[in-house]
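Visitor: Supplied in structure tokens, the structure appears directly below.
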Amino acid sequence: MNMIKQYNFVLTYENDGVYLSIERNESNRMMTEGDLLTMLKDKDVQDVDFSAVNEVLQSGLGSIKCIAPYQEEKFKDDDLDVFAAPNKMEAKMIIIKGEDKGKRLSVDEVVKRLGDEYKIVSGIDTDMIGEMIDCGLYDEERVIAVGKPAVDGIPGEVTYHFETNFNKVGAEVGGRIDFKQLSLFANVSKGSVIASKTDPVPGIDGYDIYGKELKAKEGKEAKFLYGKNVFMSQNGDTLLAAIDGKADVVGNKVVVSKVYVINGNVDMSVGNIDFAGDIVINGNVMSGFEVKAGGSIDIYGIVEDAKIIAQENIRIAGGFLGNGKGSLEAGGSVFCKSVENGIINAGISIEADVVMHSNIYCNGTIKVCGEKSRVIGGNMCSSKEIILNNVGNIKGTDTNLKIGLPDDVFQRISDIEEEKKKLDMLLKELNRRKNDMLSSTEIDVNQKVKIMNSLLSTQKSLEKNAEEREKLDDIIESAKKGRIQIRGRGNNGVNIFFNNAVKRIELTVDFTTFVFKDGEIHEYPCS
């Protein structure tokens, strides 16, 4: 087989000018007129007579003609091309080989061109550039500039010097919670350190390859949040107990409470209990009784159809047998081994091992997900998330799971706004009266004390009003991002609600997360 012969343009530099000829070559690529123009440009041929060039093209193979006056031949130098990453944190370079007699690049020349042509001035790797040049790494990409990412500061941390991990009611054994291994509260003594904090680590600023400074986020200082019977050290880095009592964390606040201990059952021999601090019951709470605490309530036995109310947490080692009438109400969290025919309302979280035919509401997370945990029947509602293992049963018992808001939340927001208006007006009036009193030549001491006390009381009421409004706003935001997660099996009869939207499980689902998006309930595999 004869090889197909193509044409090639050749420039010859003579004493009387530059000549162009067309010759055969063995290449599979045919040079075009465009290639010729590129060659003339690359060789920087001056004063080209394009009419002579055209004559050569017209004459074809074997023709030769002077197309430019005498001049020194210029050889194509090595060149470079640079590609910057979109994030401006990295640049790669290719060295494009010139002619053998052309000029090689130098490191200084490359660095200058990076700045002048590509505006790359920071993080340049001159060692890599030198290696590419010295080793003749043509047409190979190499990273020659790297920015320095900003390193955000590390926030300070609060360390608690007592057990706070009460979101697990007991030690977990083989996927189950062992409620016998309980230590429901932490005793602390007056003056003991119950929390300390570390200083934040400063951030380190960075830069991109264009020299732009990248500011790091500074580590925030840890703040102590503390409540009753707790005080801060003079240097501000520790919290100490003001009394002997029980330490706890409620809504991120450290508190120490007085403890009322009952070594037995709450029955006719004890009666109803209403205590300002924490209550510990080393027995059962019998049917029909009421236990109320200004702090937390810890019960080592069972609770029958009684009423348990705590401003903070409720922890029950045994079961809660509500009989449709008993209720648990906590401003903080509720932890209980099992719940049957009970009513629970909690402000922060609810965790149990088994829930049967009960009505449960929580502003935060509801979690029933031990290895053999199950939820059957009843209604379960959270404004944030519900995380369960097995839900419903093969009989198709109706079990309702809902992400939604309390019915009265918007009414309460309206009431808070109205209260704020009245308090603002009262504060304005009290300040006016204070100023009038101070400008008067005669000051009634009793009147002054009365006004100042009213001012302080009104300001505290406004602060409390703002805190409650902030909590309600957080609940509304959580509900928008709420989810229901079934980590085991969801059976027929389970109904999924997101406010007014509903999805019924007709067969079964496994390892499924439900979220509300674009007006519909969507299902995704559990992550």
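The values are calculated or read from the model by the stated rules, or taken from the named source; none is laboratory data. Predicted model, so just to flag it, every value in this text is computed and none were measured. So basically every Cβ, Gly included, is an ideal-geometry build from the backbone, and we count neighbours across all protein chains shown. Accessible surface areas use protein heavy atoms only, side chains included; no ligands, DNA or RNA. Shrake-Rupley method; radii C 1.70, N 1.55, O 1.52, S 1.80 Å.
Visitor: How large is the accessible surface of K74 in square angstrom, using a 1.4 angstrom probe and rounding to the nearest 10?
Guide: 90 Å²
Visitor: Based on a Kirkwood Rh over C-alpha pairs, give the Stokes-Einstein translational diffusion coefficient of the range 188-227 at 10 °C and viscosity 1.306 mPa s in µm²/s.
Guide: After rounding, the answer is 116 µm²/s.
Visitor: Largest first, how would M356, M268 line up by accessible area (1.4 Å probe)?
Guide: The residues order as M268, M356, largest area first.
Visitor: Could you compute how much accessible surface E340 exposes when probed at 1.4 Å, giving the result in Å² to the nearest 10?
Guide: Counting only protein heavy atoms, the figure is 90 Å².
Visitor: Then there is this: Per DSSP helix of 4 or more residues, -39500 (n - 2.57); summed, then divided by the residues of the chain. What does that give at 222 nm, rounded to the nearest 500?
Guide: Estimated from H runs of four or more residues: -7000 deg cm²/dmol.
Visitor: Using only alpha carbon pairs under 8 Å that are at least six residues apart, calculate the relative contact order of the chain and give it in whole percent.
Guide: 7 percent
Visitor: Quick one: pull the percent of accessible area on the range 235-385 belonging to carbon and sulfur, 1.4 Å probe, ligands and nucleic acids left out.
Guide: 46 percent
Visitor: From the phi of every residue in the range 83-90, what ³J(HN,Hα) in whole Hz does the Karplus formula 6.51 cos²θ - 1.76 cosθ + 1.60 yield, where θ is phi - 60° and glycine or proline is x?
Guide: Going residue by residue, I get 10, 9, 5, x, 7, 6, 10, 7 Hz, with x marking Gly and Pro.
Visitor: Quick one: order E157, E418 from most to least accessible surface, probe 1.4 Å.
Guide: Sorted descending by solvent-accessible area, the residues read E157, E418.
Visitor: Can you work out ³J(HN,Hα) from phi for every residue in the range 487-500, in order, using Karplus 6.51 cos²θ - 1.76 cosθ + 1.60 and θ = phi - 60°, giving whole Hz and x for Gly and Pro?
Guide: Calculated HN-Hα couplings, in order: 8, x, 10, x, 8, 4, x, 7, 10, 9, 10, 10, 6, 8 Hz.
Visitor: Working from the pairwise distances between different alpha carbons, so that the mean of 1/r is found and then inverted, what is the range 230-341's Kirkwood radius in Å?
Guide: 14.4 Å
Visitor: What length, rounded to one decimal in nm, is gained on full extension from E14 through to A216, with 0.36 nm per residue of separation minus their alpha-carbon distance?
Guide: This chain segment gains 66.3 nm when fully extended.
Visitor: With every protein chain kept in place and ligands, DNA and RNA left out, what is the accessible area per residue of the chain? Probe 1.4 Å, answer in Å².
Guide: 56 Å²
Visitor: Please give the length that would be gained between L455 and A242 if that part of the chain were fully extended, namely 0.36 nm times their separation in residues minus their C-alpha to C-alpha distance (nm, one decimal).
Guide: Length difference between fully extended and current span is 73.8 nm.
Visitor: Using modelled amide H (1.01 Å from N, peptide plane; none on Pro or chain starts), what sits under 5 Å from the amide H of I297, excluding residues fewer than 5 places away?
Guide: Under 5 Å from the amide H of I297 lie the amide H atoms of I279, N313, I314, R315, each far enough along the sequence or on another chain.
Visitor: For the chain, state what percent of all Cα-Cα pairs lands in each successive 10 Å bin, counting from 0 Å until the bin that includes the largest distance.
Guide: 3, 12, 15, 15, 12, 9, 8, 8, 7, 6, 3, 1, 0
Visitor: Moving on. Output wanted: per-residue J couplings in Hz (rounded whole) for the range 307-314, from phi through Karplus 6.51 cos²θ - 1.76 cosθ + 1.60, θ = phi - 60°, x for Gly and Pro.
Guide: For the range 307-314, the Karplus curve yields 10, 10, 10, 9, 5, 10, 9, 10 Hz.
Visitor: Using alpha carbon coordinates only, what is the Rg to Rh ratio of the range 355-427, with Rh defined as the Kirkwood radius?
Guide: Ratio of gyration radius to Kirkwood radius for the range 355-427: 1.25.
Visitor: Next question, about the same structure. Using packing as a proxy for protection, rank 128-134, 422-428 so that the peptide with the highest average count of other Cβ atoms within 10 Å comes first.
Guide: So the peptides 128-134, 422-428, ranked by packing, come out 128-134, 422-428.
Visitor: In square angstrom, rounded to the nearest 10, how much accessible surface does F498 have for a 1.4 Å probe?
Guide: Approximately 10 Å² for this residue.
Visitor: Of R412, R432, which has the most accessible area and how do the rest follow, probe 1.4 Å?
Guide: In descending accessible area the options line up as R432, R412.
Visitor: What pairs in K190/K228; K223/K253; K65/K101; K223/K258; K228/K367 have C-alpha atoms more than 20 Å from each other?
Guide: Those over the limit are K65/K101; K223/K258; K228/K367.
Visitor: Working out 0.36 nm times the residue gap between K372 and K434, then minus their Cα-Cα distance, what length gain in nm do you get to one decimal?
Guide: Gain in length upon complete extension: 15.8 nm.
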